[in-house]
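Accompanying notes for the structure given below.
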Ligand SMILES: NC(=O)NC(NC(N)=O)C(=O)[O-]
Ligand SMILES: [Zn+2]
Ligand SMILES: [Zn+2]
């Protein structure tokens, strides 16, 4: 008797799809094949697709300290509702930011108490904590996150070239990647100052202060620094097709760089930002439609390694300000990643299902050295999502598990409904509701 058998689902594997049963014991996948023996629990998955559980490498759940923006219980429930089983929490927006062992421990305690899904932690890289990177590595961080532009938080200052240079050398020695928010501080700060001095405070003014050039310049500089230091570089939330091409060129000449984009850059454009306003404000900002199509091209050609949500909401009051520069930047989307990739990718653009799994599970696990995660292989953790690809839904506020029922995706129609999410063999989400709490464990990289 197996603990669990999932019967007759269409498994989304790295090389394609296959109809098979999947058997689980002690939280791990132990057999995949036709007509497996009985399980104590059986799930009828005929007509459903079985995706590897999504690994979202970029979220801000902000606890401890800012659970009024988003919390671990709500954020992880939303992830599970969207088919996710593991998230990497960013080191900023919580109080304190994760910049040393003590702040890591504070976050770990909160995560262990409240997370429905598994989790990993990014440590921060700022000018003030260069000597703390080894102790963060010791604790098990997935890598180090640096901002090349203003982060919006005074306690998380941006990394200048010297800081990146030193931090990358240390990270290389520690065998961990550095992730960068790639926008030039010099360009974005001075353009914003100039525009604001003339009284600019609208959406178009904000967009003008963060041109694609600012992203390209930062990607260029970060890849050069990574090349010189031999550092593994991860470029988070690339917003433009040209950014993808530039980073992919660096990879082609031997730089160890991975490319992340987010569902919102694939789903919305500048005009949507004008229409939607604050709920769709993020940095880098949404781009013109031609840039978005070029970004899709990068995804369809396999140049983009992974898609992560960059879920970064705030309390609603911070989203209300007549000055668009002063509005909180960050989009609530952790629940919608699979829905966006299925609707805008698979259904509308022919993105193969195995590419969806590669972008959301295989590549994240491989890039960040997570053994036993990220695929429906024998020996891996039994982390998966059952989805009905033909069942449409329109996202409503009451469907969201976020602390605040806000998201730019509200009101949009998607084809592809997550019916059930399973973490290490346990159902954590089923029929529209979380079915358990605090299952989550810390996942550390194995170099
Ligand atoms: N402090 C943040 O959470 N910032 C985030 N905000 C965005 N992307 O608008 C980010 O990832 O840069
Ligand atoms: Zn960022
Ligand atoms: Zn972020």
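The values are calculated or read from the model by the stated rules, or taken from the named source; none is laboratory data. As the structure is a prediction and not an experimental result, all values here were calculated from the model. Because the Cβ atoms are built from the backbone with ideal geometry, glycine has one as well, and the counts that use them run over all protein chains shown.
Of all the helices (runs of 4 or more DSSP H) wholly in the stretch 142-209, which have at least 3 residues that are within 28 Å of residue 369 (Cβ to Cβ) and more than 16 Å from ligand 3 (Cβ to nearest atom)? Qualifying helices (runs of 4 or more DSSP H): 161-174.
Among the residues examined, residue 427 qualifies as touching a strand residue (DSSP E or B) at 6+ places or on another chain (Cβ under 9 Å) and under 26 Å from residue 63 (Cα atoms).
Yes or no, residue by residue, for (1) buried (at least 22 other Cβ atoms within 10 Å of the Cβ); (2) assigned by TED's automatic domain parsing to the domain that holds residue 337:
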residue: 23; (1), (2): yes, no
residue: 31; (1), (2): no, no
residue: 36; (1), (2): no, no
residue: 41; (1), (2): no, no
residue: 60; (1), (2): yes, yes
residue: 63; (1), (2): yes, yes
residue: 76; (1), (2): yes, yes
residue: 81; (1), (2): yes, yes
residue: 87; (1), (2): yes, yes
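Contact map, the stretch 302-318: residues that are on the phi > 0 side of the Ramachandran plot and surrounded by fewer than 24 Cβ atoms within 10 Å (Cβ to Cβ) paired with residues that are modelled with pLDDT of 95 or more and in a helix (DSSP H, G or I), Cβ distance under 8 Å, separation 6+ or inter-chain. Pairs shown: 302/355. Across the stretch 210-250, the qualifying residues are those that are assigned to a loop (DSSP other than H, G, I, E, B) and within 16 Å of ligand 3 (Cβ to nearest atom), and the one among them that is farthest from the chain's Cα centre (by Cα) is 210. Could you go through the stretch 143-155 and let me know if any residue there is away from ligand 2 (no atom under 16 Å from the Cβ) and within 30 Å of residue 382 (Cβ to Cβ). There is no residue in the stretch 143-155 that is away from ligand 2 (no atom under 16 Å from the Cβ) and within 30 Å of residue 382 (Cβ to Cβ).
Does residue 23 fit the bill of being more than 16 Å from ligand 3 (Cβ to nearest atom), in a strand (DSSP E or B) and under 28 Å from the mean Cα position of the chain (by Cα)? Talk me through it step by step, then tell me what you get.
On the way: more than 16 Å from ligand 3 (Cβ to nearest atom): yes; in a strand (DSSP E or B): yes; under 28 Å from the mean Cα position of the chain (by Cα): no.
Judged against the criteria, residue 23 is not a match.
If you go through the stretch 263-279 and pick out every residue that is under 22 Å from residue 150 (Cβ atoms) and either surrounded by fewer than 24 Cβ atoms within 10 Å (Cβ to Cβ) or away from ligand 3 (no atom under 16 Å from the Cβ) (or both), you end up with 5. Got a sec? Which of 130, 111 is away from ligand 3 (no atom under 16 Å from the Cβ), surrounded by 23 or more Cβ atoms within 10 Å (Cβ to Cβ) and either at negative phi or not assigned by TED's automatic domain parsing to the domain that holds residue 426 (or both)? Going through 130, 111 in turn, just one is away from ligand 3 (no atom under 16 Å from the Cβ), surrounded by 23 or more Cβ atoms within 10 Å (Cβ to Cβ) and either at negative phi or not assigned by TED's automatic domain parsing to the domain that holds residue 426 (or both): 111.
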